[in-house]
Amino acid sequence: MLPLPRFAWQAPDTLHGLLDAAARPGARILAGGTDLLPSMKHRLHRPSLLVSARRLPELAAIYEDGDDLCIGAFATLRAVRRHPVVRAELPALADACATVATPTIQAMGTLGGNLCLDTRCAFYNQPEGWRQALGGCLKADGDVCHVARKGAGCYAAHSADTVPVLWLLGARARIAGRRGTREVPVSELYDGADGRRWLRLEPGEVLTHVLVPRRGAPVVHHKVRLRASIDYAALLVAVRREGSGARAVISAVGPAPVEVRAARAEELPDLAHARVKPLGTHVVSTAWRRHMVRVAVRRALDACPVP
């Protein structure tokens, strides 16, 4: 069993206190902890302070707000999946929550934690001793990206199940910091330039809510993985038809999701295959993953109702 490194823990009872604690050097927000704590055991992260929102139930509430469903970032994936409005009006979001790991993880992991999920790579998400034997990687311990040795950046992949669906649903992220609150589209939350700097949050900012429009064209979620549970995605796809055209958001292929548009819906699978070029961040074949881009987009498109 791998032990956790030493750290302090706080659970403020006001949002102001939460933001103050989150702004301290070495602090990390602890949501469900289903990704952060294992990564700490692997010594991928060594925060000196973990800040919990467990005493702020309003940040886990789910409620209707006009034409939006407002979901607290600390709501569990299980709570989101089971919410009656999500089940009735946003079934793709329920599907995406249901494909995360296992029901036990869904009962602990949070929507905000999923949106802020660290990028992953077969060379990065390993115990410390394994990484040291390889000389480390550009994202942790070393100075070479083993995925693309001649490249200048890190290619660790964004693999958050709920993001492609929320992207196509037009969801917005509400972000709080000591300088105030701002809202950005989920589609603008990610920076695909490098797997080390994938999330556009300033130091000390906290994702507090996700606002999802309740009415719009249906979205279909499709996940490719080797096992029917537990596994992170080899490929994530969300598709939405728009008139005679269609859009897809594809993830688990690079540091940020990739959006593909087609003026004619039937062209979307081929356009996605031409645009998306997965790299060797996974243990499964890169050639197979690229082939599955076309297959997964076609399957999602076939399941998507014509508006």
For PRO3, what is the net charge nearby, where nearby means another residue's Cβ is under 15 Å from its Cβ and Lys, Arg count +1, Asp, Glu -1? +3
Which net charge results for the neighbourhood of ARG43, defined as the other residues with beta-carbon distances under 9 angstrom from its beta-carbon, given Lys and Arg at +1 and Asp and Glu at -1? +1
Relative contact order of the stretch 129-269 (C-alpha contacts under 8 Å, at least 6 apart) in percent is 23
So if R0 is 22 Å, what FRET efficiency would LEU226 and ARG275 give, r being the distance between their Cβ atoms, rounded to the nearest 0.05? 0.35
Distance between the C-alpha centers of the stretch 202-227 and the stretch 108-139? Whole Å please. 21
Pair ALA303, ARG55: separation of 7 Å Cα→Cβ label points (nm): 4.3
What is the Cα convex hull volume of the chain when expressed per residue in Å³? 133
At GLU267 and ALA88, where each label point lies 7 Å from the Cα along Cα→Cβ, what is the point-to-point distance in nanometres? 3.9
Using a basic spin-label model with each label point 7 Å from the Cα along Cα→Cβ, how many nm lie between MET108 and HIS45? 1.4
hull vol. (C-alpha, convex hull) per residue for the stretch 28-137, Å³ -> 112
Under 14 Å from a label point 7 Å along Cα→Cβ of CYS70: give me every residue in the stretch 193-216 with its amide N that close. 208-213
Among TRP198, CYS154, THR208, whose Cα lies farthest out toward the positive end of the dipole of the stretch 55-213, if unit charges sit on the beta carbon of Lys, Arg (+1) and Asp, Glu (-1)? CYS154
Given charges at beta-carbon only (K, R positive; D, E negative), |dipole| of the chain in Debye: 680
The size of the Cβ-based charge dipole (Lys, Arg +1; Asp, Glu -1) of the stretch 1-112 about the Cα centre, to the nearest 20 debye, is 840
Name the residue from ALA246, VAL85, SER39 whose Cα lies farthest towards the positive end of the charge dipole of the chain, charges +1 on Cβ of Lys and Arg and -1 on Cβ of Asp and Glu. SER39
Want the number for GLN132 to ARG214: 0.36 nm per residue separation, take away the alpha-carbon distance, what's left? 24.8 nm
Across 10 Å bins from the origin, how do the percents of Cα pairs in the stretch 219-303 run, short distances first? 20, 55, 22, 3
The chain: calculated mean residue ellipticity at 222 nm from DSSP helix runs of at least 4, using -39500 (n - 2.57): -7000 deg cm²/dmol
Is there a quick way to get the dipole size of the stretch 133-291? I mean about its Cα centre, with the Cβ of Lys and Arg at +1 and of Asp and Glu at -1; what is the value in debye to the nearest 20? 220
Protection proxy ranking of 230-238, 182-190 - average other beta-carbon atoms within 10 Å, highest first: 230-238, 182-190
Residues of type lysines that LYS41 reaches as a straight line, Cα spacing below 25 Å, ignoring anything fewer than 8 places off in the same chain: LYS139
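No value in this document is a laboratory result; all are computed from the given coordinates. All figures in this text were calculated on a predicted structure; none of them were measured in a lab. Glycine gets a Cβ as well: all are built from the backbone with ideal geometry, and neighbour counts include every protein chain shown.
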